[in-house]
1. If the requirement is being farther than 28 Å from Phe508 by Cα and modelled with pLDDT under 85, which of these qualifies: Leu303, Leu275, Leu292?
2. Would you please name the residue that is modelled with the lowest pLDDT, looking only at residues in the range 357-371 that are buried (at least 20 other Cβ atoms within 10 Å of the Cβ) and aliphatic (A, V, I, L, M)?
3. For Ala39, which of the numbered conditions (1) modelled with pLDDT of 90 or more; (2) surrounded by 12 or more Cβ atoms within 10 Å (Cβ to Cβ); (3) within 30 Å of Ala194 (Cβ to Cβ); (4) not aromatic (Phe, Trp, Tyr) fails to hold?
4. Just give me the residues in the range 777-818 being within 17 Å of Gly574 (Cα to Cα), open to solvent by 80 Å² or more (accessible area, probe 1.4 Å) and not in a helix (DSSP H, G or I), in sequence order.
5. Counting only residues that are buried (at least 19 other Cβ atoms within 10 Å of the Cβ) and small (Gly, Ala, Ser), which one in the range 168-187 is farthest from the chain's Cα centre (by Cα)?
6. Here is a list of conditions, (1) hydroxyl-bearing (Ser, Thr, Tyr); (2) open to solvent by 50 Å² or more (accessible area, probe 1.4 Å); (3) outside any loop (DSSP other than H, G, I, E, B), and Thr72 meets all of them except one; can you say which number that is?
7. Taking the condition assigned to a loop (DSSP other than H, G, I, E, B), open to solvent by 40 Å² or more (accessible area, probe 1.4 Å) and among the small types (Gly, Ala, Ser), does Ser241 pass?
Amino acid sequence: MHGPTPTPPSRRYNPLLAVAAAFLTGILVDRSIATVTLAMWVALCVLALFLAWRFRRQQAFQRAASFTLIATLCLGGGWANLRWNYFPVNDLGRYAGEQAYPLCCEALISDPVTLRPLPAHNPLRALPASPRSETTISVRRLRNGETWQEVRGECRLRINGEATELSPGQRVRIFGRFERTSPAMNPGSIDWAARDRGRGRLANLYCNQVECVTSTVPSPQDSIVERLRIASEQNLKQHISQDQAPLAAALLLGAREQLSDDEVEAFFQTGVIHLLVVSGLHVGMAAALLLLLARIIRVPWNLALLLTAVAVLTYALVTGMRPPVIRACLMTSLGLAALYVGRPVAVLNLLAAAAIAIGVYNPSEVFNPGTLLSFLSVAALCGLGNWSRLRQTYDPLDELILTTRPWHQRLGTWFGKKGLMLTIASLVAWTTTAPIVARVFHLSTPGTVLVTPLLWPLIAAALMSGLLVIGFGWVPPVGWLLGKFCTFCLSAIQEIVSTAHSLEFGSFYCVGPQTWWLVGLYVGLAIVAWRGLHTIPWRWTAAGLVVWSAFGLFVAGLQRSNDEELHCTFLAMGHGTCAVLELPDGKTLLYDAGSLNSPESASQTIANFLWSRGIIRIDGIVLSHADVDHYNAVPGLLKRFPIGTVYVSPLMFDPLATGGQLNAPEYLREVLAEENIPLREVWMNDRLAVQDEHINIEVLHPPRTGVVGRDNANSITLLIEFGGKRILLPGDLEHAGIEAVMLDAPENVDLLLAPHHGSAGSDPPGFAAWCTPDHVVVSGRNRSRTTLANRSYRAVGAEVLHTSDRGALQFTLTSDDLEVKSFR
């Protein structure tokens, strides 16, 4: 017996959807087409408004509406252009340069201080790490000699140490190093300069010690919001166990910095990192809890709605008005207002209003991955809800039969339905956001579809009890009981996430789709959603997704199909080295992989570049010698890529050659052994095996027993020959090693990596005369130590390029040409 066939409901009127689409499209167009000026946007907007007015006078309402949307598009584009390109004359960023210099300024603390704990010990960390404090300051004056100069602008303040005495609203005098925010230096890396510019910040200020920041006036009394935040943290610390307090602070207040790097990595790898960001889930839970309490104590409905709106706004202020919080707060407030006046709640209209608000608040936030993922998730769940209503049927006979079943069967049926609904919702949200996650984070987490339904009930319980602890923790019995329950839920959440992460459950790194493919995908999904699933057969939608995916894979394959070129890219690693060789046979070889920066940062830089090139496997890594700035990224790369063979010299693990410093090399060897990565020794006159007969990779140095000197002198020196061109990679070759290499017949090379980052100890005059390079790459951060190298190599006619200036340098070799491209 079949139930009644549902009839498609009439489409709800959502006028703000078209307005939001036009406004956001204008923002996107302005950021995509740099040639459009603010004057053009203003002129087009005025023209569109004039035409809309004329057509409205003629009662051509459809045309008038179209030109009104065009005017909205121009308004969005003009607003984005104004925020991106125009700054005050005395803006702080105008005084910043790419090179840091000392600065004394007076400023106002804008945000609460974020404490970054001391990172876990890592033998591959070249420089000692320390706790760090971060906040945002609003600078008022700069000291210029003996006078003070008025300025305006915000910047990020980073302090080595725990600056616990600083609070928002405090006036301080700061002595630090001032510089412009560094742009992305390598393909695939995040452009932090662009992100900061979108937020109106063009510079950074660094302090080596907490004592470099002093208060100029007595600390002001904390604001109401700050006092509420402090009281909330104290309630959580008092009633939540010490082990779970950091997770509670992250889940309820968005203070994710209290978690260790390993804990954050576990949430990230399992695809539930969004739980640690205060978003619509948190705000919605807070609103639902307050309405429930109001119903219990019989507060009048309209008063309950008003109090809930005030409480939601307060919670958003306490947790920080980030874009996801603004979206959730606005949607919740508008929904409460609709209930107050008795109007039906159109969720898509609320979502569109929130999108417009985010665009007005800061157009650059539209491009923030967190903002995109937040809106996409909500839109997908709204679409799922509409589709469920379309498919929903009600059969009284089924309900009657269910009432005759035993209670445990009814309860099992209820749990089964709810579990299925959560799984379907998780699948829809993951499917909708997975392409952007793969594009931005190069990670796919299908396991989250199964992990999220297990976490949802625990998350809801932890949020509810945690919010009650924040609000009523001052009542001893209530605070103690709720704290115990919240601790139990948080422990279960942590256990599930840790187990899934330890099993490497359902997550893997990937290249990620191209931007053009993403735009096509989401435009197509928007069309399907706008037309409705009941008007477009699902088979056509599925076929379109398959065809579009296949086309994206085909285009990506074409980018790696050229078998007549060799690409050699020197990444900008700061003080470090990584040369990526993309061979014509499709193999990828790395020469060194490290930096004086943190191992995590070094491995992420290299991985982002490889993914940007569509590379998913590293066939070999040659480690020149035992200095950590040449290999500390290797363990991180092992987590992200399959690696074929690691090549080292016979002296890599020799205590005499390394001066007895074997902690880092031995740690590396243990990591490679755990991952079953072959470790092969190579020395002078060896050749690396390649399938292409036109490529020859020869080891020029060191000999089997090495030369007198430390590890630098025994750096593996590679000579790569292809198409009549030669590349020489000498690592940190110095002193006895340089002399040993130059005893052989002179080499005429086309491309040279300057030995030891261009230092004077590598005998630049003699080495330049011996190899007479056409192009020289200096991989390093400090240009002042390369003066002799610059002069020596230019004296023999070479072009000298620094990664610190040019960013990543890519050389493309063919049989008859050598092309140079710099990232900056």
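The values are calculated or read from the model by the stated rules, or taken from the named source; none is laboratory data. Quick caveat, the model's predicted, so the values are computed rather than measured. In this analysis, Cβ positions are derived from the backbone assuming ideal geometry, glycine residues included, and neighbour counts consider all displayed protein chains. Heads up: the accessible areas ignore ligands, DNA and RNA and are worked out on the full protein's heavy atoms, side chains in. Shrake-Rupley method; radii C 1.70, N 1.55, O 1.52, S 1.80 Å.
1. Details: Leu303 fails: modelled with pLDDT under 85; Leu275 fails: farther than 28 Å from Phe508 by Cα.
Every option except Leu292 fails the conditions.
2. Filtering the range 357-371 down to residues buried (at least 20 other Cβ atoms within 10 Å of the Cβ) leaves 358-359, 363-366, 371.
Narrowing further to those that are aliphatic (A, V, I, L, M): 358, 366.
Numbers: Ile358: 87, Val366: 84.
By that ranking, first place goes to Val366.
3. Ala39 satisfies all of (1) modelled with pLDDT of 90 or more; (2) surrounded by 12 or more Cβ atoms within 10 Å (Cβ to Cβ); (3) within 30 Å of Ala194 (Cβ to Cβ); (4) not aromatic (Phe, Trp, Tyr) except (2).
4. Of everything in the range 777-818, those that are within 17 Å of Gly574 (Cα to Cα), open to solvent by 80 Å² or more (accessible area, probe 1.4 Å) and not in a helix (DSSP H, G or I) turn out to be Arg781, Asn782.
5. Out of the qualifying residues, it is Gly176.
6. Every listed condition holds for Thr72 apart from (2).
7. Yes: the conditions hold for Ser241.
Let's see how each residue does on (1) more than 29 Å from the chain's Cα centre (by Cα); (2) of a type in the set (Lys, Arg):
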site	(1), (2)
Phe767	yes, no
Cys771	yes, no
His775	yes, no
Ser779	no, no
Asn782	no, no
Arg785	yes, yes
Ser792	yes, no
Ser804	no, no
Gly807	no, no
